[in-house]
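The values are calculated or read from the model by the stated rules, or taken from the named source; none is laboratory data. Everything numeric here is computed off the predicted structure, so don't read it as measured data. Glycine gets a Cβ as well: all are built from the backbone with ideal geometry, and neighbour counts include every protein chain shown.
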Amino acid sequence: MPRASTRFTKADVARALKGANEAGFDATSVEIMPDGVIRISKGGVNVEPVLSAYDQWKAKRGAH
């Protein structure tokens, strides 16, 4: 069975990372999708969890 050709090259990934770094984006991971899309992720982002109405009520009352 012949090997499938890649839809990206090492140079494509390097170019994407260089562009992200020049834009001030601190890239921590690179994900390459099967269709050739290169996705660069930023780590260390603190995202507040979405609280349910009950959890919000409980937080306001100081309940445990």
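Values as computed for the structure displayed
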read-out	value
Residues located in region 38-55, provided they are modelled with pLDDT of 85 or more and either part of a loop (DSSP other than H, G, I, E, B) or exposed (fewer than 11 other Cβ atoms within 10 Å of the Cβ) (or both)	R39, S52, A53, Y54
Odd one out for A20, checked against (1) in a loop (DSSP other than H, G, I, E, B); (2) at pLDDT 85 or above	(1)
Residue among R61, R7 that is touching a Gly at 6+ places or on another chain (Cβ under 6 Å) and either modelled with pLDDT of 85 or more or among the charged types (D, E, K, R) (or both)	R7
